[in-house]
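The values are calculated or read from the model by the stated rules, or taken from the named source; none is laboratory data. The structure displayed is predicted, hence computed values, not measured ones. Note that each Cβ is placed from the backbone with ideal geometry, even for glycine, and that neighbours are counted across all protein chains shown. Ligands, DNA and RNA are stripped out before the accessible areas are found, and what is left, the full protein with its side chains, is counted by its heavy atoms. Shrake-Rupley method; radii C 1.70, N 1.55, O 1.52, S 1.80 Å.
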Amino acid sequence: MALLTGGLALLGILATAGPAAAHAALTGSNPADGSVVRDAPRQVTLDFSEGVAMSEDSIRVLDPHGKRADTGAIRDTGTGGKTQRAVSLRSSLAKGTYTVAWQAVSADSHPVSGAFTFSVKEPSETSATVPQQDENAGGGAVGTLYGIGRYAAYAGFVLLVGGAGFVMLCAPRAASSRAVQRLTVTGWVTLTAATLALLLLRTPYTGSGRLADVLDLGGLKEVVATKPGAALVSRMLLLAAAALFVSVLFGAYARRRQDSAAETNGAAGTDGAADTDGPVGAREGHDLLYGLAIGGAVVAAGLAATWAMAEHASTGIQTSLAMPVDILHLLAVALWLGGLAALFCLLRWGPSPSGATVRRFSAVALTSVTVLAATGLYQSWRQVGTFGALTSTAYGQLLLVKVALVAVLVGIGWFSRRWTARLSEVPTEAENHRTGSVPTDVTDRTASLPRRRSPQPPVRASAPSSPLSSDSASAEDPSDGGPADPVRAAQLARQRDAADAARQRKRREADPERSGLRRSVLTEAAIAVVLLAVTTVLTNTEPGRTEAQAQAAGDTGKSASAGPVEAKVPFDTGGPGGKGTAALELDPGSRGRNTLHLHTTTPGGRPLDAPEVKVTFTLPAKDLGPLPVTLKPVAGKKGHWKAADVRLPMAGKWKLAVTVRTSDIDQVTTYKTATIG
């Protein structure tokens with residue numbers, strides 16, 4: 001469909017969005033990061049801002065010689081809604097510095113990892129090497145494909161639920177529309193394919209980052225046992241039920257409506273009377289209609305729940321309220337935006353919707369917007385927390401963009417309602433006589449009827465005839481009244497159908513009210529595609545409340561620093577335009593949480609837009625690292641990269657490795673030593 005094709009053009013937004021931010025943050029530990037304890041602890045506990053999933057060996061405690069000091073068994077020790085994990089330590093720990101490295105998958109499905117140190121009795125040198133999560137986890141080609149899969153899943157859900165909802169709530173006769181059928185089926189196919197792709201990509205997305213691991217059946221078995229994996233499997237099962245629902249809606253229900261309309265028209269003696277959008281009589285379809293309504297509502301709510309149970313709504317505060325609210329939010333979005341796409345299909349490809357149909361959708365859209373406003377306000381408070389986080393965090397800024405897009409949609413919808421008020425229910429006889437047309441439904445019905453010759457001998461000499469009519473006459477045998485050339489007769493029938501369709505399309509486009517409404521709906525649909533892309537990026541962004549908690553945790557116990565640490569690293573990749581300088585600024589330049597800014601410039605000092613930049617930190621004195629840093633390009637600033645959550649477990653002379661790629665084959669890694677803390 002044209003709407004889906006336009007949406008795919010926005011996948012570049014997801015392809016350049018970078019790896020998903022860490023949605024679970026380490027908010028505390030016992031022993032604390034960098035602390036010195038008098039007695040050896042019996043266990044190490046980690047506190048997280050939201051739920052996490054951990055497997056065996058997800059928490060490793062290494063002694064000063066790099067040997068395991070933990071028992072490997074991880075326990076959930078959280079109480080009162082607190083997310084806490086603990087690992088027991090071996091007895092009789094020697095004095096010195098211990099390194100704690102951890103890996104997890106946050107409850108909203110994103111991979112996270114980190115490391116910190118503590119000392120028993122007194123600090124010491126350590127030769128421990130942090131067993132880190134692969135730096136490609138959640139990023140690279142796998143991260144890009146996963147982001148595209150998320151967008152496709154949202155788009156498919158909107159088209160599937162919105163298209164079916166439009167038929168059930170606004171235009172039952174649209175069940176026979178090929179355009180609406182294609183739209184809804186496209187939504188089902190897109191959602192099914194995206195769900196299967198996300199399920200296969202979970203293993204490399206949360207682990208190795210290697211695309212080849214999509215075929216790892218052992219990893220797939222582990223994924224199914226997790227909450228996100230179970231949600232995706234549940235979605236696949238619900239899609240099987242959705243396939244049955246769609247087949248009945250556009251099959252048995254559509255045929256029953258057509259048969260009922262034909263019987264009603266025949267009984268009334270109105271040959272070619274228009275089928276209406278009203279309900280079918282009780283004998284013809286009420287039971288089927290109610291069954292479809294109940295079954296469709298259950299399937300739609302179930303599909304929405306697969307997002308609510310595995311993403312932001314399932315973590316943080318008030319999850320028992322947040323998950324139902326998220327389900328309502330998703331259903332309202334689907335009924336509004338998906339119904340908008342279905343209405344555009346009718347306006348563009350027909351049958352042209354009646355004024356009653358458009359007014360019904362206007363009421364559904366108004367209700368959906370009201371539900372969106374209420375649920376969105378609650379979700380914003382829950383995920384952002386403070387007004388300051390709206391402008392100081394990436395999540396808050398994206399949320400403001402989303403709110404602005406919704407406001408624009410509501411404004412355009414107001415103009416659409418003005419066009420709706422001008423639509424007449426059925427064109428009057430005077431209008432038909434003036435325009436030389438008949439109601440669209442009459443044309444649709446009569447175009448499919450066989451054309452019979454009059455029993456009276458035609459008088460062709462007294463009236464001019466069109467080429468089509470003369471060809472039709474030549475294709476028939478007057479002696480027996482049957483077609484002499486079946487192939488030619490079929491060809492002429494197709495030509496007549498094409499001519500009728502062209503006349504119908506011309507009348508639709510000539511109608512100023514429907515033409516204005518069609519342009520308004522098309523504009524709404526285009527903005528809705530952008531809104532869906534922003535929503536997808538929003539689900540990949542760390543919530544503002546979590547980012548604030550991580551900031552507070554990083555500030556606690558952080559050593560004093562004289563100021564940001566700056567370093568300039570010259571590079572030369574060897575290719576054209578491959579020379580330049582990478583200027584790094586680590587703020588505040590101490591152990592704990594830091595922000596890294598990196599600017600790439602040419603020898604002349606102008607910004608250099610490199611395709612890829614990587615930075616890793618290594619502490620040779622403690623044999624710690626390399627610790628990878630995920631840099632993201634700053635929007636609108638050429639050659640400017642930023643990492644907002646660089647965590648360094650201890651102070652010392654760190655070795656920075658800066659990798660710059662200026663083309664597909666030109667790349668170089670240079671090193672710089674900086675004293676941090």
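Data for the structure
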| quantity | calculated |
| --- | --- |
| Inter-residue pairs, beta-carbon under 6 Å, first within 22 Å of L405 (Cβ to Cβ) and in segment 336-359, second of a type in the set (D, E), 6+ apart | L340/E524 |
| Odd one out for L656, checked against (1) open to solvent by less than 30 Å² (accessible area, probe 1.4 Å); (2) under 25 Å from V36 (Cβ atoms) | (2) |
| Residue check for V325: modelled with pLDDT of 80 or more, closer than 30 Å to Q84 by Cα and part of a helix (DSSP H, G or I) | yes |
| Test: T386 is open to solvent by 40 Å² or more (accessible area, probe 1.4 Å), among the polar types (S, T, N, Q), in a helix (DSSP H, G or I) and at pLDDT below 80 | no |
| Strands (runs of 3 or more DSSP E) lying entirely in segment 581-677 (those with 1 or more residues that are more than 24 Å from V112 (Cα to Cα) and either in contact (Cβ under 8 Å) with a residue 12 or more places away in the chain or basic (K, R) (or both)) | 592-601, 640-648, 652-661, 667-676 |
| Selection from segment 335-358 of residues that are within 24 Å of Y151 (Cβ to Cβ) and either open to solvent by less than 20 Å² (accessible area, probe 1.4 Å) or out of contact with any helix residue (DSSP H, G or I) (no Cβ under 9 Å at 6 or more places or on another chain) (or both) | W336, L337, G338, G339, L340, A341, A342, L343, C345 |
| Residue match in segment 409-416 (condition: modelled with pLDDT of 80 or more and open to solvent by 20 Å² or more (accessible area, probe 1.4 Å)) | no |
| Selected residue (only one of L93, L46, L62 is modelled with pLDDT of 75 or more and either charged (D, E, K, R) or touching a Lys or Arg at 6+ places or on another chain (Cβ under 6 Å) (or both)) | L46 |
| Failed criterion for V615 (all others in (1) closer than 15 Å to A674 by Cα; (2) open to solvent by 30 Å² or more (accessible area, probe 1.4 Å) hold) | (2) |
| Candidate set: segment 53-75, residues that are in contact (Cβ under 8 Å) with a residue 24 or more places away in the chain and in a strand (DSSP E or B); chosen: the one most open to solvent (accessible area, probe 1.4 Å) | R60 |
| Search result, residues across segment 212-260 that are over 18 Å from L303 (Cα atoms), without any contact (Cβ under 8 Å) to a residue 60 or more places away in the chain and either open to solvent by 50 Å² or more (accessible area, probe 1.4 Å) or outside any helix (DSSP H, G or I) (or both) | A212, L215, D216, L217, K221, A225, R255, R256, D259 |
| Number of positions in segment 482-500 that are under 18 Å from G350 (Cβ atoms), at pLDDT below 75 and surrounded by 13 or more Cβ atoms within 10 Å (Cβ to Cβ) | 1 |
| Failed criterion for V100 (all others in (1) touching a Phe, Trp or Tyr at 6+ places or on another chain (Cβ under 6 Å); (2) part of a strand (DSSP E or B); (3) at pLDDT below 85 hold) | (3) |
| Residue list for segment 42-93, restricted to those being under 21 Å from K121 (Cα atoms) and among the polar types (S, T, N, Q) | Q43, T45, S88, S91, S92 |
| Selected residue [surrounded by fewer than 19 Cβ atoms within 10 Å (Cβ to Cβ) and of a type in the set (A, V, I, L, M, F, W, C)] from A322, A332, A301 | A301 |
